[in-house]
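Trainee: I'd like to ask you about the structure that follows.
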Ligand code: ARG
């Protein structure tokens, strides 16, 4: 039941004002002493020719506003405050959570619509660094959020698998490549020879010539070069696949930049047909003055294409193939200008879907007091971050008998450490608004009491253990429909239930703002409120069987909420600790 909508219709009956107008005016008061909903009477004052405070006073006594689910209606200056009956509220919310389970918060708003979420998009032959992990986590989460809202989601990985650097790699590999090292640790080996190429090219300009020639041969489809490129690509993908598997991430489509490079002619045709391609210093460009943007180069003066042209080709392809409703690019904020140019070119060309393309940016990744044996430069690679997080989590669980069941086997501890350690990394990426820079610090991210994945997973496992214990004691827990949920009226119980009631709205907002943070925030508040309830109530030892049963239902609902939200963030929970 939607209390807000129902109150609005009662006010509408009482005043004769349109329901939808009332609904938009309604507020949630800043303090709970002011009730659950408030209606400001200012806007009625003109039509009713009365002061807002008088209208409020009269309305609060209007019999239209009575109902068994409203415990009190009070005038407060120009506002009418509504108090929802706590028992009724608890029953309404919890029975809907318990009956829907994981489907709680799901909707069909996206039915029949396709959303493309492009994310991750690492570069072949380059390390998968913590910035690529940021897009991977955000995109994975957004995909699940949109699916929950009924959209058909296509997960695309726009691999950086094209460009002159592949000419250099081919040259370098032929000179210094080590087959065995390549098989064992492809990216490490490719990086080694790439760095060597850069050191040597200053001394030996012929290398540059050779690399250019190799790239030309690659582009014109010469078998030997294409074979080598394929090998680099396949081996790199295999390494990325391991990371994706560890994070439960998957893609529907790995069309990288190379896939679009031979579609550039159709981009040029399209732009020429629309008469917007102009010559500038030998290059072909689209002027974007009317968008207050610098020109977008489509073809360079030497005839080669660039990153932007491949993105234009890719947007055209995506629309032809999927007729998307939205085409989302989860890419770091430093590329904002690039995407503005790409979307503006499409807009200038009159492509109707230009307005449905969206860049979802994010901030930088920083580290506090963390040391990694960095491989190249000071890039931190995701693999190291995950491994370190898992081993630190293992130490914490192992050395702290309060955090775990002491009967647990080594294998169980390792399994838990892996899920919690990876979850801790994922959570750090989504715990604040995505545009903000994020700071990794072991202290913060592995704090079992903090705003962290370990805290959520621990709360979940502990709640599961109460439910298991209850079952052992012979109390019914599953689908406790027979429980009198209206008994849950204490401050602590109501606080948890209110937060759980807000989850569906948080999911919608996470989608409309492309902010998984809406989910992490609501679930972290829910878990905290639940622990307050847990610490202050006798759940199993109470003597009142009815109340116990209702409280066990609240435990069930808490588990459903955590399972659902962590799933939406891409984090796995564990059944026990
Ligand atoms: N491969 C690029 C990089 O690592 C990101 C690609 C972003 N996606 C796009 N459609 N341009 O920076």
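The values are calculated or read from the model by the stated rules, or taken from the named source; none is laboratory data. Keep in mind that what you see is a predicted model, and the values were worked out from it rather than measured. Note that each Cβ is placed from the backbone with ideal geometry, even for glycine, and that neighbours are counted across all protein chains shown.
Trainee: Could you check, for the range 170-179, whether at least one of its residues is within 11 Å of the ligand (Cβ to nearest atom) and in a helix (DSSP H, G or I)?
Mentor: Checked against the condition, which is being within 11 Å of the ligand (Cβ to nearest atom) and in a helix (DSSP H, G or I), the range 170-179 yields no hits at all.
Trainee: Quick check, is residue 432 in a loop (DSSP other than H, G, I, E, B), closer than 27 Å to residue 141 by Cβ and modelled with pLDDT of 95 or more?
Mentor: For residue 432, the condition - in a loop (DSSP other than H, G, I, E, B), closer than 27 Å to residue 141 by Cβ and modelled with pLDDT of 95 or more - is met.
Trainee: While we're here: What's the number of the condition residue 264 fails, among (1) surrounded by fewer than 17 Cβ atoms within 10 Å (Cβ to Cβ); (2) modelled with pLDDT under 95?
Mentor: The single condition residue 264 does not satisfy is (1).
Trainee: I need the full set of residues from the range 1-33 which are over 34 Å from the mean Cα position of the chain (by Cα) and in a helix (DSSP H, G or I), in order please.
Mentor: Restricting attention to the range 1-33, the residues satisfying the condition of being over 34 Å from the mean Cα position of the chain (by Cα) are 9-19, 33.
The answer is 9, 10, 11, 12, 13, 14, 15, 19, 33.
Trainee: Given the structure, is residue 558 part of a loop (DSSP other than H, G, I, E, B) and either under 22 Å from residue 149 (Cα atoms) or modelled with pLDDT under 95 (or both)? Give the derivation first.
Mentor: Details: part of a loop (DSSP other than H, G, I, E, B): no; either under 22 Å from residue 149 (Cα atoms) or modelled with pLDDT under 95 (or both): yes.
For residue 558, the condition - part of a loop (DSSP other than H, G, I, E, B) and either under 22 Å from residue 149 (Cα atoms) or modelled with pLDDT under 95 (or both) - is not met.
Trainee: Could you count how many residues in the range 118-149 are near the ligand (Cβ under 10 Å from one of its atoms), out of contact with any helix residue (DSSP H, G or I) (no Cβ under 8 Å at 6 or more places or on another chain) and over 15 Å from residue 248 (Cα atoms)?
Mentor: Our first condition is that a residue be near the ligand (Cβ under 10 Å from one of its atoms); within the range 118-149, this holds for 118-124, 126, 128-129, 131-132, 135.
Pick out the ones that are also out of contact with any helix residue (DSSP H, G or I) (no Cβ under 8 Å at 6 or more places or on another chain) and you get 123, 131, 135.
Checking the rest, the ones that are also over 15 Å from residue 248 (Cα atoms) come to 123, 131.
Final tally of qualifying residues: 2.
Trainee: Still on this structure, please answer the following. Tell me, please, whether a residue that is surrounded by fewer than 19 Cβ atoms within 10 Å (Cβ to Cβ), outside any helix (DSSP H, G or I) and at pLDDT 95 or above can be found in the range 563-572.
Mentor: Yes, the range 563-572 contains at least one residue that is surrounded by fewer than 19 Cβ atoms within 10 Å (Cβ to Cβ), outside any helix (DSSP H, G or I) and at pLDDT 95 or above.
Trainee: Continuing with this model, one more query. With 476, 465, 512 as the choices, which residue is farther than 29 Å from residue 426 by Cα and surrounded by fewer than 19 Cβ atoms within 10 Å (Cβ to Cβ)?
Mentor: On the way: 465 fails: farther than 29 Å from residue 426 by Cα; 512 fails: farther than 29 Å from residue 426 by Cα.
One residue alone meets the criteria, 476.
Per-residue answers, yes or no, for (1) in contact with a helix residue (DSSP H, G or I) (Cβ under 7 Å, 6 or more places away or on another chain); (2) touching a residue at least 12 places away in the same chain (Cβ under 8 Å):
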{"residue": "263", "(1), (2)": "yes, yes"}
{"residue": "273", "(1), (2)": "no, no"}
{"residue": "281", "(1), (2)": "no, yes"}
{"residue": "291", "(1), (2)": "yes, yes"}
{"residue": "312", "(1), (2)": "yes, yes"}
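Trainee: For the range 303-320, give me each residue that is touching a strand residue (DSSP E or B) at 6+ places or on another chain (Cβ under 9 Å) and either within 23 Å of residue 110 (Cβ to Cβ) or more than 15 Å from the ligand (Cβ to nearest atom) (or both).
Mentor: 314, 315, 318, 319
Trainee: Now for a separate question. Among 391, 333, 401, which is the only one that is in contact (Cβ under 8 Å) with a residue 12 or more places away in the chain and farther than 19 Å from residue 425 by Cα? It would help to see each step written out before you state the result.
Mentor: Details: 391 fails: farther than 19 Å from residue 425 by Cα; 401 fails: in contact (Cβ under 8 Å) with a residue 12 or more places away in the chain.
Answer to the selection: 333.
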